[in-house]
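Worksheet: one structure, shown below.
The values are calculated or read from the model by the stated rules, or taken from the named source; none is laboratory data. Quick caveat: nothing in here was measured; it's all calculated off a predicted structure. Don't worry about glycine lacking a Cβ; one is built from the backbone with ideal geometry, like all the others, and counts go over all protein chains shown.
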Amino acid sequence: MKYRDPLYGEWELPPVIKELVQSRAMDRYRKITMSLLPNSMEPLGTIPSRFHHGMGVCFLAQVVVGNSISWPEAVFDPLVLLVASLLHDIGNPSFPHLSEPFLIEFWGKNGETFAADIIAGTDIPEILEKYDIPIENVLDFIAGTLRPYSDVLNGSLDLDNLDTLRYDYFAKLGGIDYDPVKIAGSFRFKNNRWVLDKKCQSNVAAWKMNRGMVYRKIYSSQHLSVVSMVHRALELAFLKGELNHDFFFLNDEEAVNFLRTKCNPKTAKLMDMATRWQWYDLAYDYQTTNPNQWLIKASTGWRSRRALADAICLDLHLLRENVCVYIDRGRDTRRIKIPFSDGKNLVFDDEVEIPIYRIKVFMDPSIGYTRNDIKEIIDDLIN
């Protein structure tokens, strides 16, 4: 079976990958977007699915294992990496990373470790057994727990991150060009660690610039308005006990319908407005590279967003669905921990990673408050 990837061209699928692609388990995978949001409410354009992203990462994995000096075949069958690359995002719930905090609270698992639950009961284990591929190894590669081997898929610069070009390509963000295939072909496994051929250093620098540009678009106020509305809708449903066992197995379309029709009125209103592109207005905008201890702590969990949003509602006598808050430690910058090698010496990335911390508050435009009206109020609440 041949597959034509928009970024990498046509390639022949190995038999096990062909069977996995045609398995029933892929139905849901093809309906979970690569973005934080379903395409029905995505302001940045139509974004590919996690399945198509997985196919791209699988191709890059084949580039790695096709290089005879890159893959430790004595330790792992190279098909383990190909299968793990294809399936690395299969455990993501709908609204990846937005609903993940609630997945962690409900299941005690994140999008990587939840892969085992998504795969269980499907035909994937049977397919892997047919090809003598240990499913435990595949799941460990996805979770990044087989270090140093799994670092090629789950590390500071890995095959997953290389495929961020897909987001840029389809959203037409006009980012910096780099060649993921050349970087993938530069991976070497030497002395029990992964290194990169020094010849790809300029390509990696372009990847870092592209990645930063993509995230700056993701952190734009227009995009984060919708993100914050969906997050608030999920939070309110979770606090009502409505995000049950079955919710985390839904695809994007099913999850949107569930939140709009099966949950409390506040969640339903937020999801209805987000789906109809009736987005909330930016009411407060703050970012810094020098955060205080409160902001550092607040950026690590969803409860801080909830606490600030609820405090604003209480202070301004608003309904909880009228205010949505975004607090996060940005991923605009990335220090690469995998060294470059010229065959003799190792050269490490000496760039200092300085994350940007952001607080954004979005409000229902029908309320009538302006940014000047509430800046002092929010500043006082944060302080």
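For the reader, a short list of remarks on this structure follows.
This table checks each residue for (1) surrounded by fewer than 20 Cβ atoms within 10 Å (Cβ to Cβ); (2) over 26 Å from VAL75 (Cβ atoms); (3) over 18 Å from the mean Cα position of the chain (by Cα); (4) not assigned by TED's automatic domain parsing to the domain that holds ILE336.
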position	(1), (2), (3), (4)
ASP117	yes, yes, yes, yes
ILE124	no, no, yes, yes
ILE127	no, no, yes, yes
ASP140	yes, no, yes, yes
ASN154	no, no, no, yes
LEU162	no, no, no, yes
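- Taken together, the residues in segment 245-299 that are without any contact (Cβ under 8 Å) to a residue 12 or more places away in the chain and under 23 Å from the mean Cα position of the chain (by Cα) amount to 4.
- Checklist (1) surrounded by 20 or more Cβ atoms within 10 Å (Cβ to Cβ); (2) within 15 Å of the chain's Cα centre (by Cα) applied to LEU146, failing item: (2)
- Top-ranked residue in segment 335-372 [being of a type in the set (D, E, K, R) and under 15 Å from CYS324 (Cα atoms); ranked as modelled with the lowest pLDDT]: ARG371
- From the options LEU60, LEU37, LEU13, LEU44, residue that is hydrophobic (A, V, I, L, M, F, W, C), without any contact (Cβ under 8 Å) to a residue 24 or more places away in the chain, farther than 14 Å from SER150 by Cα and in the same structural domain as ILE133 (by TED's automatic domain parsing): LEU13
- The listed residue being in a helix (DSSP H, G or I), surrounded by fewer than 18 Cβ atoms within 10 Å (Cβ to Cβ) and within 16 Å of the chain's Cα centre (by Cα), out of MET213, MET209: MET213
- Criterion (over 16 Å from LEU81 (Cα atoms), touching a residue at least 40 places away in the same chain (Cβ under 8 Å) and polar (S, T, N, Q)) met by exactly one of SER156, SER202: SER156
- Residue among VAL347, VAL361 that is in contact with a strand residue (DSSP E or B) (Cβ under 7 Å, 6 or more places away or on another chain), among the β-branched types (Val, Ile, Thr) and either farther than 26 Å from CYS263 by Cα or surrounded by fewer than 17 Cβ atoms within 10 Å (Cβ to Cβ) (or both): VAL347
- Across segment 172-181, not a single residue is classified as surrounded by fewer than 21 Cβ atoms within 10 Å (Cβ to Cβ), closer than 22 Å to TYR29 by Cα and not hydrophobic (A, V, I, L, M, F, W, C).
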